[in-house]
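**Student:** I have a structure here, written as structure tokens, and I will follow up with some questions on it.
The values are calculated or read from the model by the stated rules, or taken from the named source; none is laboratory data. This structure is a prediction, so every number in the text was calculated from the model and none was measured. Positions of Cβ are backbone-derived with ideal geometry, glycine not excepted, and every protein chain shown enters the neighbour counts. The protein model used for the area step is the full one, side chains on, heavy atoms only, and it has no ligands, DNA or RNA in it. Shrake-Rupley method; radii C 1.70, N 1.55, O 1.52, S 1.80 Å.
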Amino acid sequence: MESLPREIAGDILSRLPVTSLVNVKFVCRSWRKLLQDSLLVFMLFLRTTKKDPCLILHSVHPIKHYVADFPSDDSTPNQLYVADFSSEGDRIEVVKKIRVPTLPEFYVTASCNGLLCLCDSLHSSKLFIYNPFTMDVLELPDSAQYPNQQVVVGFGFSSMGNDYKVVKIVYYSHRGSIRPSGGNLPQSSVEILSLRSLTWRSLGEIPYQIFGKRPSQVLVNGRLNWATWPIYRCSSARLIVSFDLSEEKFYEVPRPDCGSLDKFNHNLMVLGGCLSASVYRKDGYFEIWVMKEYNVKESWINLYNIDIMDQSFENSGLHLKRSYARVICLLKNGEILLEMTITRALLSFDPKSKHLAFHGLLRWYETIVHVGSLHWIDTHVVAT
């Protein structure tokens with residue numbers, strides 16, 4: 001392998017699954033060095049993004065698992081698994097259990113370019129950037145602490161500065177409640193950190209209260225997008241707010257013309273590279289709206305309407321009497337992967353046939369869409 005030209009070696013190795021490729025570093029020192037070649041990292045990432053993404057499964061409760069191929073005797077909470085999901089198959093296949101940094105309790109705030117942002121759920125000041133395949137981990141420095149604080153964390157890549165950035169929005173109150181009331185927002189503080197500097201900088205306050213339901217952020221066009229809480233109790237109006245990672249400023253994004261976005265049972269996501277929103281109608285149908293041209297209100301279209309009420313699936317024991325769904329991602333075959341919020345069942349929806357297919361139960365797991373990569377965490381050169 002050492003005698004091959006760099007481009008040829010990179011082309012050969014980039015065709016391997018990342019879960020297999022990481023084992024190459026144990027062969028010898030020269031192969032370990034090869035895995036850090038920026039050309040191989042880039043070629044592998046390009047190939048991986050053209051395939052269906054893998055799923056990072058985060059176990060949040062110490063109970064038995066309910067997915068085939070999971071070790072039934074593993075009862076440890078806060079574990080990570082990686083699962084390949086192929087749109088050509090009829091089930092998920094668990095590849096491996098992932099080693100995680102030593103944390104008592106954590107949750108995954110975001111995935112970007114193969115890196116996960118982890119937050120210590122006991123102490124929200126502790127944040128980590130982690131590549132679950134290379135097992136590189138970076139603990140971020142502590143930021144300011146406030147009384148009765150509620151934290152919303154955003155993580156993404158700024159192509160303009162070739163840098164990863166972490167945004168930390170803290171809402172706090174000396175009186176206990178941080179919910180907006182009577183048009184008054186709680187006190188807030190916004191800080192930002194780049195992996196180049198590893199220093200928190202204050203950006204002042206934010207005139208919105210982000211709806212921080214996990215996972216909440218959506219990265220589109222270099223902007224992190226969230227839905228907000230309504231300011232007035234008598235009004236249910238919600239906004240879509242974005243944070244530009246390059247300009248480091250907040251903006252309002254035009255909403256789709258559907259009142260259902262004001263309900264709690266909605267979520268933002270990315271479909272085909274576009275900002276999208278899923279909402280529920282009163283008749284039980286599940287709508288998916290897609291913003292074809294970012295930040296252009298007229299480009300919102302109601303692309304899909306899915307009936308998930310009173311659905312049964314043969315040999316699964318699953319019956320959807322009344323359940324809400326979260327859109328996971330768009331598969332390469334055009335189907336949409338869904339996660340039921342109560343049962344944690346994985347379903348796929350075929351827009352052509354209107355058929356829902358059952359792919360397994362992920363009870364007690366949170367599902368994060370992830371693109372496996374060899375991106376290493378380097379505070380001097382953080383991206384290829």
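**Student:** For the subset of segment 345-354 comprising residues that are free of Cβ contacts under 8 Å to residues at least 60 places away in the same chain and within 23 Å of the chain's Cα centre (by Cα), which member is surrounded by the fewest Cβ atoms within 10 Å (Cβ to Cβ)?
**Tutor:** Asp350
**Student:** Another question, then. Kindly list, by first and then second residue, each pair from a residue in segment 128-153 that is within 19 Å of Leu115 (Cβ to Cβ) to a residue that is of a type in the set (Val, Ile, Thr) and open to solvent by 50 Å² or more (accessible area, probe 1.4 Å), limited to pairs with Cβ atoms under 7 Å and residues at least 6 apart or on different chains.
**Tutor:** Phe128/Val137; Tyr130/Val137
**Student:** Follow-up. Take the residues of segment 164-179 that are open to solvent by 10 Å² or more (accessible area, probe 1.4 Å) and either modelled with pLDDT of 90 or more or not in a strand (DSSP E or B) (or both): which is farthest from Cys112 (Cα to Cα)?
**Tutor:** Filtering segment 164-179 for residues that are open to solvent by 10 Å² or more (accessible area, probe 1.4 Å) and either modelled with pLDDT of 90 or more or not in a strand (DSSP E or B) (or both), the one farthest from Cys112 (Cα to Cα) comes out as Arg175.
**Student:** Moving to a separate point now. Give segment 284-306 a look and list any residue that's open to solvent by 60 Å² or more (accessible area, probe 1.4 Å) and assigned to a loop (DSSP other than H, G, I, E, B), or say none.
**Tutor:** Lys292, Glu293, Asn295 - these are the residues of segment 284-306 that are open to solvent by 60 Å² or more (accessible area, probe 1.4 Å) and assigned to a loop (DSSP other than H, G, I, E, B).
**Student:** If you check Arg99, Arg32, which single one turns out to be loosely packed, with under 14 Cβ neighbours inside 10 Å, modelled with pLDDT of 70 or more and in contact with a helix residue (DSSP H, G or I) (Cβ under 7 Å, 6 or more places away or on another chain)?
**Tutor:** Unique residue meeting the criteria: Arg32.
**Student:** Filter segment 35-60 down to residues that are farther than 13 Å from His375 by Cα and either basic (Lys, Arg) or in a helix (DSSP H, G or I) (or both) and give me whichever is modelled with the highest pLDDT.
**Tutor:** So, considering only residues that are farther than 13 Å from His375 by Cα and either basic (Lys, Arg) or in a helix (DSSP H, G or I) (or both), the one modelled with the highest pLDDT is Arg47.
**Student:** Continuing with this model, one more query. Looking for whichever is at pLDDT 80 or above and surrounded by 15 or more Cβ atoms within 10 Å (Cβ to Cβ) here; the options are Glu191, Glu247. Which one fits?
**Tutor:** Glu191
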